[in-house]
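The values are calculated or read from the model by the stated rules, or taken from the named source; none is laboratory data. Please read all numbers here as calculations on a predicted model, not as lab measurements. For neighbour counting, all protein chains shown are included, and Cβ atoms are generated from backbone atoms with ideal geometry for every residue, glycine included.
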Amino acid sequence: MNTKRFRAIGKGSVSAVALTLVLTTSGAGPALMQASDAKTVAARQTSNHSKFYCNAKALNPAERAQHQQLTEKLIAARKEIVEMPRGYEFQFSPSDVSVAEVSGWVITEAKCCPFFDFHIDLEREGHLVCLGLSGEEGIKAFIRTEFQVPAK
């Protein structure tokens, strides 16, 4: 990913992202969070080893369950992981993960983990969807753990 890209979402993109959130969440029914999901949330909340922790109260149980399901899909569908100076870029095939899914995930993740800097790119003439996660010094260790980035 080119690090000289825009670092903010424009007005048109914000509208598109908001519309995507409405469309992707409108038909979702309530779901229960699995025990492993609860452990992850608890670990994020009580971590004393890091200044990066998620606000588990930012999402209701149905949102949390839907977000966890999409997180698992993103982790499973990654085609490549690119390490960057302050984070990672996850690359996807648009046939596996849509820009709408990535933008919906970002909107929800930003509610509980506002310390991330998010970057969404559609590259190679629409043949590559990229999600960049970065942030302050020390964020890479958090990303590696939470997003199951394999050790080199």
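Of all the listed residues (E101, E83, E109, E72), the sole one being assigned to a strand (DSSP E or B) and either in contact with a strand residue (DSSP E or B) (Cβ under 9 Å, 6 or more places away or on another chain) or closer than 18 Å to Q148 by Cα (or both) is E83.
For region 111-125, a residue qualifies if it is over 23 Å from N55 (Cα atoms) and in contact (Cβ under 8 Å) with a residue 12 or more places away in the chain, and the qualifying residues are D121, L122, E123.
Could you check region 126-152 and list, in sequence order, the residues that are free of Cβ contacts under 8 Å to residues at least 40 places away in the same chain, in contact with a helix residue (DSSP H, G or I) (Cβ under 7 Å, 6 or more places away or on another chain) and closer than 15 Å to C54 by Cα? Correct list: empty.
Suppose the filter is surrounded by fewer than 14 Cβ atoms within 10 Å (Cβ to Cβ), among the aliphatic types (A, V, I, L, M) and at pLDDT below 50; does A8 pass it?
Yes; evaluated as a whole, the condition is true for this residue.
Please determine, by comparing only the residues of region 112-152 that are part of a loop (DSSP other than H, G, I, E, B) and among the aliphatic types (A, V, I, L, M), which one is farthest from A58 (Cα to Cα). It would help to see each step written out before you state the result.
Filtering region 112-152 down to residues part of a loop (DSSP other than H, G, I, E, B) leaves 113-116, 124-127, 135-138, 147-152.
With the extra rule that they be among the aliphatic types (A, V, I, L, M), the set shrinks to 149, 151.
On the way: V149: 25, A151: 30 Å.
Going through the qualifying residues, I end up with A151.
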